[in-house]
1. Does the stretch 49-64 contain at least one residue that is within 28 Å of residue 137 (Cα to Cα), more than 12 Å from the chain's Cα centre (by Cα) and assigned to a helix (DSSP H, G or I)?
2. Name the residue that is surrounded by the fewest Cβ atoms within 10 Å (Cβ to Cβ), counting only residues in the stretch 1-31 that are assigned to a loop (DSSP other than H, G, I, E, B) and out of contact with any Cys (no Cβ under 9 Å at 6 or more places or on another chain).
3. Is it the case that residue 72 is assigned to a helix (DSSP H, G or I), within 12 Å of the ligand (Cβ to nearest atom), closer than 28 Å to residue 131 by Cα and not aliphatic (A, V, I, L, M)?
4. Between residues in the stretch 51-74 that are polar (S, T, N, Q) and residues that are modelled with pLDDT of 95 or more and within 16 Å of the ligand (Cβ to nearest atom), which pairs lie under 8 Å by C-beta distance while being six or more apart or on different chains?
5. So, of the residues in the stretch 75-92 that are surrounded by 19 or more Cβ atoms within 10 Å (Cβ to Cβ) and in a helix (DSSP H, G or I), which turns out to be nearest to the ligand (Cβ to nearest atom)?
6. Residue check: is residue 136 assigned to a helix (DSSP H, G or I), modelled with pLDDT of 95 or more and farther than 19 Å from residue 64 by Cβ?
7. Only one of these conditions is not met by residue 34: (1) hydroxyl-bearing (Ser, Thr, Tyr); (2) within 16 Å of the ligand (Cβ to nearest atom); (3) out of contact with any His (no Cβ under 8 Å at 6 or more places or on another chain); (4) more than 24 Å from residue 144 (Cβ to Cβ). Which number is it?
Amino acid sequence: MLVAIGSDHAGFEMKIDVIAILDELGHEYIDYGTDAPQSVDYPDFGEKVSAAVSCGKVERGVLICGTGIGMSIVANKFPGVRAALCNELFSAKMCRMHNDANILVLGGRIIGKDLAKEIVRIWFTTPFESGRHLSRLRKICLIEQKVAKTKIEKTCS
Ligand code: RB5
């Protein structure tokens, strides 16, 4: 699997740990930065990874910022992106089984290195269950198309 990975300064160290797990699992990756612990703006890195997933250049993505919240907000603006913030194991498993999440988001200031590594392992090895969950994902696609076509005032009643 080809994976895009990115972080801001608050996720920089954890990104190195996550890359080690990607190597262990045999996945290739494109590292979109950041490349140093100096302060940067998370939307810049969230955009690069999310665009790569959205256009199909890579199959999955991993994003890390301090809480994981900023990166999640950015990532879920992109068509076809299903980004899931997982700071514990249950969500990491369920967002793959039920939501076919294609971007994993981690909070570098919330969880420790060992838990992060375990979350990444589970997220990459858990398959999508499909079945009834597929029709729900199709509904999300339809909403995405509707929102793209319609002015937001019209969808807000
Ligand atoms: C950076 O200080 C911090 O705001 C960022 O990493 C992230 O937590 C934003 O959601």
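The values are calculated or read from the model by the stated rules, or taken from the named source; none is laboratory data. Since the model is a prediction, treat every value here as computed from it, not as a measurement. Neighbour counts run over all protein chains shown; Cβ positions are idealised from the backbone, glycine included.
1. Within the stretch 49-64 (the criterion being within 28 Å of residue 137 (Cα to Cα), more than 12 Å from the chain's Cα centre (by Cα) and assigned to a helix (DSSP H, G or I)), the answer is no, since none of the residues qualifies.
2. At the first step, the residues of the stretch 1-31 found to be assigned to a loop (DSSP other than H, G, I, E, B) are 1, 8, 26-27.
Filter once more, keeping what is out of contact with any Cys (no Cβ under 9 Å at 6 or more places or on another chain): 1, 26-27.
Details: 1: 12, 26: 8, 27: 19.
The extreme case among them is 26.
3. On the way: assigned to a helix (DSSP H, G or I): yes; within 12 Å of the ligand (Cβ to nearest atom): yes; closer than 28 Å to residue 131 by Cα: yes; not aliphatic (A, V, I, L, M): yes.
Judged against the criteria, residue 72 is a match.
4. Final answer for the pair search is 67/107; 67/109; 67/110; 72/63; 72/83; 72/84; 72/85; 72/105.
5. First pass over the stretch 75-92, keeping only residues surrounded by 19 or more Cβ atoms within 10 Å (Cβ to Cβ): 75, 78, 81, 83-86, 92.
Subsequent filtering for residues that are in a helix (DSSP H, G or I) retains 75, 92.
Details: 75: 12, 92: 19 Å.
Filtering the stretch 75-92 for residues that are surrounded by 19 or more Cβ atoms within 10 Å (Cβ to Cβ) and in a helix (DSSP H, G or I), the one nearest to the ligand (Cβ to nearest atom) comes out as 75.
6. Values: assigned to a helix (DSSP H, G or I): yes; modelled with pLDDT of 95 or more: yes; farther than 19 Å from residue 64 by Cβ: yes.
Yes; evaluated as a whole, the condition is true for this residue.
7. Status for residue 34: all satisfied but (3).
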